[in-house]
Amino acid sequence: MNVLLVNGSPHADGCTFSALSEMARALKKQNIDSEIFHIGSKPIQGCTACFRCGELGTCVFQDDVYSRLVEKIKNCDAFVVGAPVYYAGPPGTLCALLDRVFFSAGQYLKFKPAAGIVNCRRGGASAAFDRLNKYFTINLMPVATSQYWNSTHGHTPEDQKHDEEGLQTMRTLAYNLAWLMKNAAAGHLAGVDLPEQEDRLCTNFI
């Protein structure tokens, strides 16, 4: 089993990376592999609502970060997104990427356990955390929980080391995510089918 940990910060080795690394170490103790995928610091194309992905089976914009992330999503067993807090929300580049991934390739994430984590200097963590969770809860993904909302605090990774409760929250999240994954695997071996899905209804409010 393996977990894909997405670093949605433009900084490859900043606080988001440190929080995800804390999770990775805890997952390793549960005999679960993980990989941190950094989205980089370059501009990322957002969704233009062209709906071509419905015809092509993939986003019409085939930039490298999108293509690499989707391939890794296909092979992961669980999905975690980490983000710094910018004006009480995740960075625009991360949201632009996730909008396209979930709209065009969400089928590869359905029923995979998920979690979002955020890091902030002071405030805005809960709003950013809520924004990330909305991707999972619209896509049939079981959401792993922790002992507190999934946030750490610190302006630098060195600062973050002093947030003992936040780092413990990351470890608890990793343990709970591992528990979800192992239960899902055991259920599959026992013949427990995925939940029944009705044909999708879309109601437009006019």
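Every residue in the stretch 22-47 that is under 25 Å from Thr156 (Cβ atoms), touching a strand residue (DSSP E or B) at 6+ places or on another chain (Cβ under 7 Å) and buried (at least 18 other Cβ atoms within 10 Å of the Cβ), please.
Residues satisfying the conditions are Met23, Ala24, Leu27, Ser34, Ile36, Phe37, His38, Ile39.
Given the conditions (1) hydroxyl-bearing (Ser, Thr, Tyr); (2) touching a Lys or Arg at 6+ places or on another chain (Cβ under 6 Å); (3) closer than 14 Å to Gly8 by Cβ, which single one is not true for Tyr108?
That leaves (3) as the condition not met.
Only one of (1) more than 19 Å from Lys72 (Cα to Cα); (2) modelled with pLDDT of 95 or more; (3) aromatic (Phe, Trp, Tyr) fails for Tyr108. Which number is that?
Looking at each condition in turn, Tyr108 falls short on (1).
So, Cys50, is that one surrounded by 15 or more Cβ atoms within 10 Å (Cβ to Cβ) and either polar (S, T, N, Q) or out of contact with any Asp or Glu (no Cβ under 6 Å at 6 or more places or on another chain) (or both) or not?
In short, no.
Report, by residue number, each residue of the stretch 153-195 that is in a loop (DSSP other than H, G, I, E, B), among the acidic types (Asp, Glu) and exposed (fewer than 15 other Cβ atoms within 10 Å of the Cβ).
Residue satisfying the conditions is Asp193 alone.
Take the residues in the stretch 104-139 that are over 29 Å from Gly154 (Cβ atoms) and among the hydroxyl-bearing types (Ser, Thr, Tyr), then tell me which one is nearest to the chain's Cα centre (by Cα).
Selected residue: Tyr108.
Checking the structure you have, find out if any residue of the stretch 163-176 is of a type outside the set (A, V, I, L, M), touching a Lys or Arg at 6+ places or on another chain (Cβ under 6 Å) and at pLDDT 95 or above.
No, that holds for no residue.
Condition check ((1) polar (S, T, N, Q); (2) touching a residue at least 24 places away in the same chain (Cβ under 8 Å); (3) part of a loop (DSSP other than H, G, I, E, B)) across all residues:
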| position | (1), (2), (3) |
| --- | --- |
| Leu20 | no, yes, no |
| Ile44 | no, yes, yes |
| Phe51 | no, no, yes |
| Val65 | no, yes, no |
| Ala83 | no, yes, no |
| Leu94 | no, yes, no |
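The values are calculated or read from the model by the stated rules, or taken from the named source; none is laboratory data. The structure presented is a predicted model; accordingly, all values stated were derived computationally and were not measured. Note that each Cβ is placed from the backbone with ideal geometry, even for glycine, and that neighbours are counted across all protein chains shown.
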